[in-house]
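Encoded as structure tokens, the structure appears first; notes follow it.
The values are calculated or read from the model by the stated rules, or taken from the named source; none is laboratory data. What you see is a predicted model, and the numbers here were worked out from it, not measured in a lab. As a convention, Cβ positions derive from the backbone with ideal geometry for all residues, glycine included, and neighbour counts pool all protein chains shown.
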Amino acid sequence: MTISNKQLLPDYELLDCGDGRRLERFAQIIVDRPAPQAVWPKSKNCLDWPRAHAYYERPATGKGGWRTGSFFPNPWRLPIDEIILELRPAANNQVGVFPEQLPNWRWLKKRLSEGKGPLRVLNGFAYTGAATLAASSAGPHVEVCHVDGAKTAVAWARRNAALSGLAERPIRWIVDDLLKFMGREIKRGQRYDAFILDPPAFGRGPGGAWQLERDLPRLLDCVAQLVSSSPSFIILSCHAPNLRANDLLKMLQAIRPFQDRTGEALELTIPAANGNALPSSICGRI
């Protein structure tokens, strides 16, 4: 799936990408940061590159860093439909949102809005909470369990909930290794009606090192033990050069309650105002 121009938000725009960089406008702020997948040249029609308010430089060795201009509010805010996210430059060159996930946020909210509660949603590797808040905004009948291994990310997500007027909704904020947390939930006999999973290719958290190709089967086995008898949906997205979107879909279709359902294999790609679109993630959802 490529996000169409009609799907894009008025406060977000990929201005251009190329030469290993991406130039984006988040509300009033223009950000220039790395995009290793953008191996083609920058567009000659884009004149916005020198206008960037923030530039992330990744040196050959050691950690990179941000350079910002005099007009740079830190943090600043990005409206996304009914929610509001706080953005700020992070040490890993992120700013607090993955725009390619917009179709999934809208898709899951539509399905949760149509359902009858209570509906229990587990959002793993939940980062700063855009998917959590999209789910919660579907109505008070939606109960979300937000799990991330980084205390700073969960605190950031809670600020986003407050900004979005959702702080009082039934959301559990969990700082933990996802696999360890799911293991405890299995022992407790807990069940969930929906799963939102966006694991990294590699990572290090409270449970030790994470490797997608090694640990993804364990993750989906936990899902199979936690899923309710009549689940609403499951979304699995990731960045993995050795996997295709169809591979993710087949993994989801192996989980018993989803075996007879039609799913979707998606390539999440963001179009640019100038030049080539930016491939960003693969996704399977049912």
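Do any residues in segment 64-79 that are charged (D, E, K, R) have Cβ atoms under 7 Å from those of residues that are assigned to a strand (DSSP E or B) and surrounded by fewer than 16 Cβ atoms within 10 Å (Cβ to Cβ), where the two are at least six apart or on different chains, and which pairs are they?
R67/E57
Find the residue count for segment 113-123, including only residues that are in a strand (DSSP E or B) and surrounded by fewer than 24 Cβ atoms within 10 Å (Cβ to Cβ).
Residues flagged as in a strand (DSSP E or B) and surrounded by fewer than 24 Cβ atoms within 10 Å (Cβ to Cβ) within segment 113-123 amount to 2.
Scan A138, A155 and give me the residue that is of a type outside the set (V, I, T), part of a loop (DSSP other than H, G, I, E, B) and either under 26 Å from I270 (Cβ atoms) or not assigned by TED's automatic domain parsing to the domain that holds F26 (or both).
Result: A138 is the single residue among A138, A155 that is of a type outside the set (V, I, T), part of a loop (DSSP other than H, G, I, E, B) and either under 26 Å from I270 (Cβ atoms) or not assigned by TED's automatic domain parsing to the domain that holds F26 (or both).
Being in a loop (DSSP other than H, G, I, E, B) and either under 23 Å from T132 (Cβ atoms) or in contact (Cβ under 8 Å) with a residue 60 or more places away in the chain (or both) is the filter here, so list the residues in segment 199-239 that pass it.
Once the filter is applied, which keeps residues that are in a loop (DSSP other than H, G, I, E, B) and either under 23 Å from T132 (Cβ atoms) or in contact (Cβ under 8 Å) with a residue 60 or more places away in the chain (or both), segment 199-239 yields P199, P200, A201, P206, G207, S228, S230, P231, S232, H239.
State whether the residues of segment 250-266 include one that is loosely packed, with under 14 Cβ neighbours inside 10 Å, aliphatic (A, V, I, L, M) and either in contact with a Ser or Thr (Cβ under 9 Å, 6 or more places away or on another chain) or in contact (Cβ under 8 Å) with a residue 12 or more places away in the chain (or both).
Within segment 250-266, one or more residues are loosely packed, with under 14 Cβ neighbours inside 10 Å, aliphatic (A, V, I, L, M) and either in contact with a Ser or Thr (Cβ under 9 Å, 6 or more places away or on another chain) or in contact (Cβ under 8 Å) with a residue 12 or more places away in the chain (or both).
For segment 31-47, which positions are surrounded by 18 or more Cβ atoms within 10 Å (Cβ to Cβ) and not basic (K, R)?
V31, D32, A35, A38, S43
Sort through P75, P79 and tell me the only one that's within 16 Å of the chain's Cα centre (by Cα) and in the same structural domain as R21 (by TED's automatic domain parsing).
P79
Would you be able to say whether some residue in segment 265-283 is in the same structural domain as L112 (by TED's automatic domain parsing), in a helix (DSSP H, G or I) and of a type in the set (A, V, I, L, M, F, W, C)?
no
State all residues of segment 134-175 that are crowded, with 19+ Cβ neighbours inside 10 Å and touching a residue at least 40 places away in the same chain (Cβ under 8 Å); if no residue qualifies, say none.
Residues satisfying the conditions are A134, A135, S137, C145, G149, W156, N160, S164, L166.
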